Amino acid sequence: MNCPYCGYHDSKVIDSRDVNDGIRRRRQCLSCSSRFTTYERLQPAGLFVIKKDERREEFNREKLLAGIRKACEKRPLPAGTVDRLVDDIEAGLYQMGRAEIPSRVIGDMVMERLKNLDYIAYIRFASVYRDFTDITKLKQEVDTLVSSEAKTSDPPGQLSLLPDEGLAGLARTHKKRLRGKGAP
Ligand SMILES: [Zn+2]
């Protein structure tokens, strides 16, 4: 486990205690002395992820967590949101009771949840996961979000994709202006 602050590879355990289904360890980085917490939990045996190229890889909670955390970096989300999201996905995966799960299924689960949580994090994750090769596809995705945001009210707790006077607002003012000019 690398230090989340400086990336150094080694830390010492300064406190360790049992929690519900695992062990919580308080650690201190040996390089920058920052403190952080790790959880160790038993992973039920035999959940494998089928990669795009058909290779199998054991499901790795930390890897999933790191990917989502990166997408949510510097977003105004309450502490613990990302961990809860990963808990939720992990529980969902084990509930499926399958030994192998395509990576696409996991990616879609993440996308669905991020979409309800924070559009910026969603777009960031999508740009990596969907591997947007050109800006057009990325723009299409953003446009879809903006139009759905304009049509429906935000899901509970959703942070607006755009500031108050965003694209949706601009589009409305633009339409009004057109009407004012007597456009059809
Ligand atoms: Zn450090």
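Here, each number is a calculation from the coordinates, and none is a lab measurement. These figures come from a predicted structure and were not determined experimentally. We place every Cβ from the backbone using ideal geometry, glycine too, and count neighbours over all the protein chains shown.
Going down the list Lys70/Lys115; Lys115/Lys139; Lys74/Lys115, which pairs span over 22 Å between their C-alpha atoms?
Those over the limit do not exist; all pairs fall within it.
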Which residues' amide hydrogens lie under 5 Å from the amide hydrogen of Ile101, considering only partners 5 or more residues apart or on another chain, with H built in the peptide plane?
Phe48, Val49, Ile50
A correct Karplus calculation of ³J(HN,Hα) over segment 76-82, with 6.51 cos²θ - 1.76 cosθ + 1.60, θ = phi - 60°, whole Hz and x for Gly and Pro, returns x, 9, x, 3, x, 4, 5
The answer for GluC sites (Glu not before Pro) in segment 1-81 that fall in a DSSP coil and have at most 14 neighbouring Cβ atoms within 10 Å is Glu54, Glu73
5 Å is the cut-off here: which amide hydrogens, built 1.01 Å from N in the peptide plane, fall below it relative to Ser34, excluding neighbours closer than 5 in sequence?
Cys29
Dividing the surface of the Cα convex hull of segment 1-96 by four yields a projected area in nm² of 7.7
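What relative contact order, as a whole-number percentage, does segment 1-100 give when Cα pairs under 8 Å and 6 or more residues apart are counted?
Relative contact order for segment 1-100 comes out at 17 percent.
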Could you go through segment 14-30 in sequence order and give the Karplus-derived ³J(HN,Hα) for each residue, using 6.51 cos²θ - 1.76 cosθ + 1.60 with θ = phi - 60°, rounded to whole Hz, and x for Gly and Pro?
9, 7, 8, 8, 6, 10, 2, 10, x, 10, 9, 10, 8, 10, 10, 5, 7
Sequence-distant aspartates and glutamates (8 or more away, or on other chains) whose Cα lies within less than 20 Å of Lys137
Asp108, Glu112, Asp118, Glu149
Could you give each residue of segment 91-100 its phi-based ³J(HN,Hα) in whole Hz, using Karplus coefficients 6.51, -1.76, 1.60 with θ = phi - 60°, and x for Gly or Pro?
4, x, 5, 5, 5, 5, x, 9, 7, 10
Segment 1-61: trypsin sites (Lys or Arg not before Pro) in DSSP loop, at most 12 other beta carbons within 10 Å
Lys51, Lys52, Arg55
